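Structure first, then comments.
Read-outs throughout are calculated quantities, based only on the coordinates presented, and are distinct from any laboratory measurement. The structure displayed is predicted, hence computed values, not measured ones. All Cβ positions, glycine included, derive from the backbone under ideal geometry; neighbour counts span all protein chains shown.
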Amino acid sequence: MEYVYAALILHESGEELNEDNITDVLEAAGIDVEESRVKALVAALEDVDIDEAVEQTAAVPSTGGAAAGGATEEAEDEESEADAEEAEGDDEEGEDEEEEDVSGEGLGDLFG
């Protein structure tokens, strides 16, 4: 995936998509570059309108991502409810410990 990201960075900055430029971006990011993958990427992107491809790709996650995000939130809510029910059955000391564990779970708590 980092190879595609390198190509997108070059495209966005107006640089030519060639093997040397892609290799330079990847090496600057600390990636061990495989020449065959760079060559394959440059060949694959030769006749591609990157702006059009990005627009098409950007439209897909906005509809599909919302559905997936909703399902993820629903699953997390169910897990939280199950954890809360388990905590209710414990003594007060165990309940406090359980609440601390639940409140600190996952990246979802950091980003909403």
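Take the stretch 15-36 and flag every residue that is within 19 Å of Asp47 (Cβ to Cβ) and either loosely packed, with under 13 Cβ neighbours inside 10 Å or within 19 Å of the chain's Cα centre (by Cα) (or both).
Glu16, Asn18
Mind listing whichever residues of the stretch 18-61 are within 12 Å of Glu2 (Cα to Cα), of a type in the set (D, E, K, R) and touching a residue at least 12 places away in the same chain (Cβ under 8 Å)?
Once the filter is applied, which keeps residues that are within 12 Å of Glu2 (Cα to Cα), of a type in the set (D, E, K, R) and touching a residue at least 12 places away in the same chain (Cβ under 8 Å), the stretch 18-61 yields only Arg37.
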